[in-house]
Amino acid sequence: MAKIAVVVGSTRDGSFNRALGALAVRALESQGAVVTDVDLASFDLPLYSAAIEADDFPADALRLKELFAAQDGLLFVSPEYNGSVSPLLKNAIDWASRPTGGESLVALNAYRGKASAVMSASVSPFGGLRGLMHLRQILSTIQTLVIPEQVLIPNAYAAFDDAGELKEALPASLVEMTAARLVAVAEALAA
Ligand SMILES: Cc1cc2nc3c(=O)[nH]c(=O)nc-3n(C[C@H](O)[C@H](O)[C@H](O)COP(=O)(O)O)c2cc1C
């Protein structure tokens, strides 16, 4: 059974990306995955700085890194901020990429050899596409295998009903398709 963490790059009440992340959690679980829904608000992560790292590696950065390392796959759901990923998410990804306990600089134990996938909900008509292009590049740089399926939810104000479900069948089916492929690739890589 694949272990997958879902990480959302917004902690805002009413966040469209949190709503999308909740649908992704359900879709992954329906594929038989053991899902950890990561709430970044529960991690006390300073803005990454090499000075902080050299002084004392933050306990919550290590906790996040170990959580990621224990997974077979990682699903990132990010708002688009000025054409890129949210700083909340980038900061979390960066902390978990750092070597600890004498590891090599390129050990990337939280990421290397894992499958990853990306999703975004945006208030714009473009659905966060530019942010996901950056996120794909980042996830490749840290040596995850990013699956080709992805989910973009444009015009997010109108995309969800009051129960948090996607109103349109096509994007809802893409959530299912992306979850299914992520579980399949994560299982294959872990075998
Ligand atoms: C600093 C900032 C930059 C933004 N830049 C973009 C952008 O480039 N493209 C876009 O589609 N939306 C942009 N937005 C709007 C976000 O899509 C919108 O705030 C969205 O609701 C954030 O996701 P959330 O609902 O999950 O919190 C930006 C918002 C902020 C605060």
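Here is a list: ALA61, ALA33, ALA27, ALA2. Which entry is more than 14 Å from the chain's Cα centre (by Cα), under 22 Å from LYS167 (Cα atoms) and open to solvent by less than 40 Å² (accessible area, probe 1.4 Å)?
Working: ALA61 fails: under 22 Å from LYS167 (Cα atoms); ALA33 fails: under 22 Å from LYS167 (Cα atoms); ALA2 fails: under 22 Å from LYS167 (Cα atoms).
The unique qualifying residue is ALA27.
Return the only residue of VAL123, VAL175 being part of a loop (DSSP other than H, G, I, E, B), among the aliphatic types (A, V, I, L, M) and out of contact with any Ser or Thr (no Cβ under 6 Å at 6 or more places or on another chain).
Result of the check over VAL123, VAL175: VAL123.
Can you find a residue that is within 30 Å of TYR157 (Cβ to Cβ) and part of a loop (DSSP other than H, G, I, E, B) anywhere in the stretch 68-78?
The answer is yes; a qualifying residue exists.
Go through PRO171, PRO125 for me and flag whichever is buried (at least 17 other Cβ atoms within 10 Å of the Cβ) and within 16 Å of the ligand (Cβ to nearest atom).
Numbers: PRO125 fails: buried (at least 17 other Cβ atoms within 10 Å of the Cβ).
None of the others qualify; the one that does is PRO171.
Could you go through the stretch 84-106 and let me know if any residue there is within 14 Å of the ligand (Cβ to nearest atom), of a type in the set (Val, Ile, Thr) and open to solvent by less than 50 Å² (accessible area, probe 1.4 Å).
yes
Of the residues that sit in the stretch 5-24 and are open to solvent by 70 Å² or more (accessible area, probe 1.4 Å) and assigned to a loop (DSSP other than H, G, I, E, B), which one is farthest from ILE147 (Cα to Cα)?
ASP13
So that you can scan it fast, the table gives a plain yes or no per residue for (1) open to solvent by 50 Å² or more (accessible area, probe 1.4 Å); (2) of a type in the set (Asp, Glu); (3) in contact with a Gly (Cβ under 9 Å, 6 or more places away or on another chain):
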site	(1), (2), (3)
GLN137	yes, no, no
THR141	yes, no, no
GLU149	no, yes, no
ALA158	yes, no, no
ASP162	yes, yes, no
ALA180	no, no, no
VAL185	no, no, yes
ALA191	yes, no, no
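So that you can scan it fast, the table gives a plain yes or no per residue for (1) within 16 Å of the ligand (Cβ to nearest atom); (2) in contact (Cβ under 8 Å) with a residue 60 or more places away in the chain; (3) out of contact with any helix residue (DSSP H, G or I) (no Cβ under 7 Å at 6 or more places or on another chain); (4) of a type outside the set (A, V, I, L, M):
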{"position": "GLY14", "(1), (2), (3), (4)": "yes, no, yes, yes"}
{"position": "ASN17", "(1), (2), (3), (4)": "yes, yes, yes, yes"}
{"position": "LEU23", "(1), (2), (3), (4)": "yes, yes, no, no"}
{"position": "GLU29", "(1), (2), (3), (4)": "no, no, yes, yes"}
{"position": "LEU40", "(1), (2), (3), (4)": "yes, no, no, no"}
{"position": "SER49", "(1), (2), (3), (4)": "no, no, yes, yes"}
{"position": "ASP56", "(1), (2), (3), (4)": "no, no, yes, yes"}
{"position": "GLY73", "(1), (2), (3), (4)": "no, yes, no, yes"}
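Name every residue in the stretch 107-122 that is within 9 Å of the ligand (Cβ to nearest atom) and more than 22 Å from PHE43 (Cα to Cα), in order of residue number.
Those that are within 9 Å of the ligand (Cβ to nearest atom) and more than 22 Å from PHE43 (Cα to Cα): ALA121, SER122.
The values are calculated or read from the model by the stated rules, or taken from the named source; none is laboratory data. Source: prediction; values computed, not measured. Cβ sites come from the backbone with ideal geometry, for glycine too, and all protein chains shown count toward neighbours. SASA here: full protein model, heavy atoms, side chains in, ligands and nucleic acids out. Shrake-Rupley method; radii C 1.70, N 1.55, O 1.52, S 1.80 Å.
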